[in-house]
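Structure first, commentary second.
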Amino acid sequence: MITPAEIRDCKAQGRRISALTAYDYPMGRLLDESGVDLILVGDSLGMVVLGYPDTTSVTMDDMLHHTRAVARGVSRALLVADLPIGSYDTPGAAVDNARRLVGVGARAVKLEGGVTVQAQVEAITAAGIPFVGHIGMLPQSVREEGGYKVKGRSDAEAQALLADARALESAGACAVVLEIVTPKTARLITAEVGIPTVGIGSGPDCDGQILVTYDLIGLFPWFQPKFVSPKAQVAVSIREAVAAYVEQTRSGAAGG
Ligand code: KIV
């Protein structure tokens, strides 16, 4: 079983962290059996599983339901669950909701933000709950931001992101996700902080990489981020299999 300390120590050992998302039992089990280091029950489930336009409608009940299912299939990887929007407005709420996720099988939690949520992160780690940070493009703020925008382009933005990463490190995070940060700024943060950076759309120089699994395997064909090169086309296979079944059923060849 991979521990939060082992994830943190990957950086010193020069071992890159592989991370992917899962939202249900079969995917959690398949990823775990395939050797991924960290499995995230991401609030991206709002889009790729629940059909919302973004993550801002995801609730604690959604996260508890999906984390419980994934946990049944994961025995080796570090299982991390997202705290959804509105669940960590105060340090007390952050700890209560982090405990609820741990209660259904998460072994660490993640929330979005840096300096502005340092008190929440300190409260979570003080309660003995391992924590993963998330800075850069913050999907829970997409409505205020007016879209998914690349972060860290200017020096001022790069320095603010570095301050966020340092705040999370000093609050006890075991790793930090960098989402859609320029490769140059991701490289700077990776060089300057002692905890591993896990990039998504942030270039090759992070200490690890994370993707939404549905993007990696081509299971959500209606939107494909530019930075992902799918390794499979599962939606195509499903459509072909279903079309063959429909055809066989209509012709009377199915059912034998
Ligand atoms: O919700 C999610 O899937 C995430 C990853 C994109 C890092 O936060």
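How about segment 74-101: which of its residues are open to solvent by 10 Å² or more (accessible area, probe 1.4 Å) and closer than 16 Å to G28 by Cα? Scanning segment 74-101 gives V74, S75, R76. The condition of being free of Cβ contacts under 8 Å to residues at least 40 places away in the same chain and open to solvent by 60 Å² or more (accessible area, probe 1.4 Å) does not hold for D62. Name the single residue that is surrounded by the fewest Cβ atoms within 10 Å (Cβ to Cβ) among those in segment 175-196 being hydrophobic (A, V, I, L, M, F, W, C) and in contact with a helix residue (DSSP H, G or I) (Cβ under 7 Å, 6 or more places away or on another chain). Among residues in segment 175-196 that are hydrophobic (A, V, I, L, M, F, W, C) and in contact with a helix residue (DSSP H, G or I) (Cβ under 7 Å, 6 or more places away or on another chain), the one surrounded by the fewest Cβ atoms within 10 Å (Cβ to Cβ) is L188.
Looking at segment 203-218, is at least one residue under 25 Å from the mean Cα position of the chain (by Cα) and among the polar types (S, T, N, Q)? It would help to see each step written out before you state the result.
Step one: filter segment 203-218 for residues under 25 Å from the mean Cα position of the chain (by Cα), giving 203-218.
Adding the requirement that they be among the polar types (S, T, N, Q) leaves 209, 213.
Yes, there is a match, as at least one residue in segment 203-218 is under 25 Å from the mean Cα position of the chain (by Cα) and among the polar types (S, T, N, Q).
Go through segment 119-171 and give me each residue that's open to solvent by 20 Å² or more (accessible area, probe 1.4 Å), within 17 Å of V80 (Cα to Cα) and touching a strand residue (DSSP E or B) at 6+ places or on another chain (Cβ under 6 Å). Within segment 119-171, T125, P130 meet the criteria. Here P204 fulfils each of the conditions (1) in contact (Cβ under 8 Å) with a residue 12 or more places away in the chain; (2) surrounded by 13 or more Cβ atoms within 10 Å (Cβ to Cβ) apart from (2).
The values are calculated or read from the model by the stated rules, or taken from the named source; none is laboratory data. It should be emphasised that the depicted structure is a prediction, and the values quoted were computed from it without experimental measurement. Glycine also receives a Cβ, built like all others from the backbone with ideal geometry; neighbour counts cover every protein chain displayed. In case anyone asks, the SASA skips ligands and DNA or RNA and just uses the protein heavy atoms, side chains included. Shrake-Rupley method; radii C 1.70, N 1.55, O 1.52, S 1.80 Å.
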